[in-house]
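*Asks:* Encoded as C-alpha cells, here's the structure I'll be asking about.
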Amino acid sequence: MITLHANNRTIQAQEGETILSALKRAGISVPTLCHIESLLPDGACRLCVVEVEGQRGLIPSCSYPVSDGMKIQTHSPRALRARKTIVELLLANHPDDCMYCHRNDSCRLRALAAELGVQQRRFGSTPVDHKIDLSSPSIIRDPAKCILCGKCVRVCEEIQGVSAINFINRGSKTVVGTAFNEGLNVSSCVNCGQCVMICPTGALVERSQAEEIRAALADPERIAVIQHAPAVSVTLAEEFGLKPGQDVAGILNAALRRLGFKRVFDTSFSADLTIMEEASELAHRIRTGGPLPMFTSCSPAWVKFIEEFYPDFIDHVSTCKSPQQMLGAVIKNFYASRNGIDPARIYSVSVMPCLAKKFEASRPEMAPDGRPDIDAVITTRELAAMIRMQGIDFTSLEPEEADHPFGERSSAGKLFGATGGVMEAALRTAHFLLTGRELDPPKVTALRGLSGIKTATVRIGDLDVNVAVASGLANARQILDDIRSGERQLHFVEIMSCPGGCIAGGGQPYQTDPDRLRARMAALYEIDRQAPVQTSHRNEEVARLYEEFLGEPLGERSHELLHTHYHHRDVMQ
Amino acid sequence: MNDVDSILRSFPDAKRDSLIPILQAVQESQGFLSREAVVRISRHLKMPASKIYGVATFYNQFRFQAKGQYHIMLCRGTACHVKGSAKLQEIICKQLKIQPGQTTRDGFFSLEVVACIGACGLAPVISINGEFYSSMTPDKVSALLDNFKQKATSHEGN
C-alpha cells in the first residue's frame, strides 16, 4: 500500500497502479477522452492532466504510476486551464451543429465543454472537407465530428481483433478510416458497434430505421408486429433514469403496444426455439461425428467475422438462424397463414441490443423469395428515443404480457442476453435430448461471469462434453487458433462478439462501466433463478409450434425456415 | 503480382518492422502500392490492411495509383515556396483535376509533391519525367501542361 495526498486528502493506492485509478477509487473524478479502462493507457488526449508537486509540467494521470508521498492537485487553476484549452482546441475544427447531432445529449465533448465553462469559440480553423460514410447497414461514420481520440481504433483492434479502421494520413490531415479509405461496407468491419458504444462524439452512430418504422405504423395497409431481444428488457430502464439491472419486460410490452404495434412477441421464445434446433444439431453432430466443435451462430458480427477471417471453420458454425431471424421466419409463415394474413402486409420489426442485427436482417439469405423475414431493426437506444418522441410516460406504465403464440419463454431463452447464456441453455436441453434426463443442477457456474474466455466439461450420459465460451472477438480468435493448433479439444463453443454478451451490445444505452454490466447480468440470472420453466424443451408454446407446424427439430420445415448457410467473404483484412 | 510475391520471398519470417522496406521495394518494382499488393503484404506480415494503409499514408513517398504517362514532381522547398510554388500547385491541381499523389483518369498525368528537389537556383521548379522546368509561373505551367496533353493525345491517336 502506498499513501499519497490528493487535493490535500490522504488516499491509499496500490503499488504500480496509475494516478487515475487511485483517484477514481477515492471518489475523485478526473475527465478523460482517450482512456479505456480495460486497455493500456494511451495518453493521447491529455485531458487527465494533474499537478504533481515537484514536477515541472502537468502529468497525465492515466499513464503515470503512483509513488509514496506524492502530492497531487487535480483541479488546480493550472490543471483546469489546461483542460479547458484542450477542449477549446478540439472544438476549433469541430462542427457547430450540436442541435442536429445524433449524440446531442450524450456527447462527451459537449458535456466537457459545459463542465469546463467553454462559452465561446476561442480558436477558429477551416473545417476539413469530410465525406460521411453511409455505406454500412449498421454504422454511420462522420469524420468531421471525430476528435481522433483513437478509442474506436483500439477497440476494433484490441478487443475485437478486427482492425477494420485505423488512423490514416498525417498531421492535420489525419482521419480514422478503413484500408484505402473506402466505405465500411466493403471493409472487414463486422458491424458489432463497439466503436459506436465507445465514441465520445457523434463521429460514429447507428444507422436508424426509426423513420421508416413510424411510416409503417401509420400505414393502415400494413400490420406492424415487433419482437424484443432477451437483453433489451434488462437495459432499457437505464434510458429512463432508472438504476441498472432492472427487468422491465412487462413495461416494455406495454410501451410497444402504445407505440402502435399490433402484436408484441418475445425473442426469448425463439431463443428457446433456437436451442431446440441447435441442441439437436449438436446431438446429431456428436452422434455422426459431424464437424466439431460446433460454434453458435446467434451473434451476426461473429458470423461475419468467421466468414472473413476463418473461412475454413464455416462448416463448424451451427446452421441455425439467430433467434431474431427464426422468429421473423415463423411470423411471416406460420403466424401469417394461421391468421389469414398476407405476409406482404406484415411489417416485422425487432428491438435488439445490437447493430450487427441490422446487417443480419439485410443479408440476402434472410430474405427467401426476396421477402425479408425482418423488415426493420432498432436498437435499445432508438426504441427509448421513439418512446420519448411519442410522449409515453415509461415509468407509469403497467406491465403487460407478450402476445401468443410467441410470447412464452423459458428462462434459458432469456439467458441468451449474457455471455455463456446460450451455452448454458443449450447444455440443459442437449442433456435432456441425449439422456432423457434433466441436467442437475441446471446452473453451470463455470460459464457465468464476465471473463473473456470460460471453459467447462459437462458430463452428458457417458460422454464428457468440453465446452468453451468467449466474448469479444479477439478472444474468439484465441479459441480458434487454439483449436487449429490442437491445443483445445472442444465439442461446443459459444461466441458473442461483444465483451460481456448482448447486455454490452453496440445498441445498448451508452456506457462502458463494468459495474453496470454486472448489474445487467445479475438481472438475467435472477430471472433464471426465479423462473418456473428453466429449459427450452419445457416451453409449451415451442412444443406446440413443432406439433402444429414445424414437425420436429432438424425436420424438413425447420430446415427450410430456421436454418441458413454461410459463405467466405473476401474482404481486405 | 508475381513481383510482389518474389519481393515477399526475399523477406522470409519478416515481422512488422520490415513493413517500410517491403513497401519501398514493392513501390520500386510496381510504381505504386496496389490493393492486391497491400493484401499480399498484410498476409505475409499478419498485419491488418488498415494498419498498412495507415503507415503508408503517413509518408509522402508512397502512392496508391499507377504513375501517369507524364509524372510531375512539384518542388515545395523553401526557395520554391518563396517564389510561389503554392500557386503552381493550385494551378496544376485545378487544371488536371487531381490532388498530389493522384493520377488523372485518362492516365496521362500524375502529380507528386516533394519537399525539395535540390535545384533552388531554378526556383520555382517542376520536373516532368525527370526533366526540369525552371522559373515557372502560373501561365508557363499551364501552357506546359496543355503542351504535354496535346502530345499525349496525338500520340494516342497514332
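*Asks:* Name the longest site-free stretch of chain A, where the excluded sites are trypsin sites (Lys or Arg not before Pro) in a DSSP loop with no more than 13 other beta-carbon atoms within 10 Å.
*Replies:* A:171-436
*Asks:* What FRET efficiency comes out for A:ARG557 versus A:GLN511 if R0 is 30 angstrom and r is the Cβ-Cβ distance? Round to the nearest 0.05.
*Replies:* After rounding, the FRET efficiency stands at 0.15.
*Asks:* Here's something else I'd like to know. Let's see if you can work this out: charge +1 on each Lys and Arg Cβ, -1 on each Asp and Glu Cβ, no other charges. What is the dipole magnitude of chain A about its Cα centre, in debye to the nearest 20?
*Replies:* That gives chain A a dipole magnitude of about 1960 debye.
*Asks:* How large is the Kirkwood hydrodynamic radius of segment A:2-75, in angstrom, based on all distinct alpha carbon pairs?
*Replies:* This gives a value of 12.1 Å.
*Asks:* Quick check: the angle from helix B:49-58's long axis to the longest principal axis of chain B, C-alpha only, nearest 10 degrees?
*Replies:* That helix lies at roughly 40 degrees to the long axis.
*Asks:* On to the next question. Once you've got the Cα coordinates, tell me which of A:LYS454/B:LYS46; A:LYS358/A:LYS454; B:LYS87/B:LYS140 are over 21 Å apart.
*Replies:* Among A:LYS454/B:LYS46; A:LYS358/A:LYS454; B:LYS87/B:LYS140, the Cα-Cα distance tops 21 Å for A:LYS454/B:LYS46; A:LYS358/A:LYS454.
*Asks:* Taking a virtual spin label 7 Å from the Cα of A:SER29 along the C-beta vector, which residues in segment A:218-254 bring their backbone nitrogen under 19 Å of it?
*Replies:* Residues A:238-245 qualify, since their backbone N sits under 19 Å from the label point.
*Asks:* Shifting gears a bit: If each residue's Cβ is checked for other Cβ atoms within 10 Å, how do A:MET496, A:MET326, B:MET73, A:MET389 rank with the fewest at the top?
*Replies:* Ordered by Cβ neighbours within 10 Å, fewest first: A:MET389, B:MET73, A:MET326, A:MET496.
*Asks:* Using a basic spin-label model with each label point 7 Å from the Cα along Cα→Cβ, how many nm lie between A:ARG122 and A:LEU80?
*Replies:* 1.3
*Asks:* Roughly how tilted is helix B:35-45, in degrees to the nearest 10 and between 0 and 90, from the longest Cα axis of chain B?
*Replies:* 40
*Asks:* For an R0 of 25 angstrom, estimate the FRET efficiency from the Cβ-Cβ distance between B:THR78 and B:ASP139 and round to the nearest 0.05.
*Replies:* After rounding to 0.05, the efficiency reads 0.60.
*Asks:* Positive end of the charge dipole of segment A:66-146 (Lys, Arg +1 and Asp, Glu -1 on Cβ, about the Cα centre): tell me which of A:ASN93, A:GLN119, A:ASN104 has its Cα farthest that way.
*Replies:* A:GLN119
*Asks:* Using only Cα atoms and rounding to the nearest 10 degrees, what angle (0 to 90) does helix A:77-92 make with the longest principal axis of chain A?
*Replies:* So the helix axis and the longest Cα principal axis differ by about 60 degrees.
*Asks:* Also, quick follow-up: How much length would be gained if the chain were fully extended between A:GLU211 and A:LYS131, taking 0.36 nm per residue of separation minus their Cα-Cα distance, in nm to one decimal?
*Replies:* Separation in residues times 0.36 nm, less the Cα-Cα distance, equals 26.5 nm.
*Asks:* Considering the zone a paramagnetic label at B:ILE20 would reach in this model (a point 7 Å from Cα along the Cα-to-Cβ line), which residues of segment B:27-53 have amide N under 17 Å from it?
*Replies:* B:27-28, B:51-53, by backbone N distance to the label point.
*Asks:* I need the calculated FRET efficiency for the pair A:THR445 and A:ARG222, taking r as the beta carbon distance and R₀ as 41 Å, to the nearest 0.05.
*Replies:* It comes to 0.30.
*Asks:* What nm distance separates the two modelled labels at B:LYS46 and A:HIS568, each placed 7 Å from Cα along Cα→Cβ?
*Replies:* With each label point 7 Å from Cα toward Cβ, the separation is 2.0 nm.
*Asks:* Alpha carbons only, please: Rg and Dmax for chain A, in angstrom.
*Replies:* Gyration radius and largest Cα-Cα distance of chain A: 24.6, 80 Å.
*Asks:* What distance in nm separates the two pseudo spin-label positions at A:ILE314 and A:ALA92, each 7 Å out from Cα along the beta-carbon direction?
*Replies:* Here the modelled spin labels are 5.0 nm apart.
*Asks:* Considering the alpha-carbon set of segment A:121-206 alone, what are its Rg and its Dmax in angstrom?
*Replies:* Radius of gyration, then largest Cα-Cα span, for segment A:121-206: 12.6, 39 Å.
*Asks:* Can you work out the PRE-style zone for A:SER63? Point 7 Å along Cα to Cβ, and I want the residues of segment A:182-217 with backbone N under 20 Å.
*Replies:* Residues A:199-200 qualify, since their backbone N sits under 20 Å from the label point.
*Asks:* Now for a different question. Among A:GLU541, B:GLU36, which comes first, then next, by fewest other beta-carbon atoms within 10 Å?
*Replies:* B:GLU36, A:GLU541
Only the coordinates and a few stated rules stand behind these numbers; no lab work does. Note that the coordinates shown come from a computational prediction; the quantities given were computed from them, not determined experimentally. Note that each Cβ is placed from the backbone with ideal geometry, even for glycine, and that neighbours are counted across all protein chains shown.
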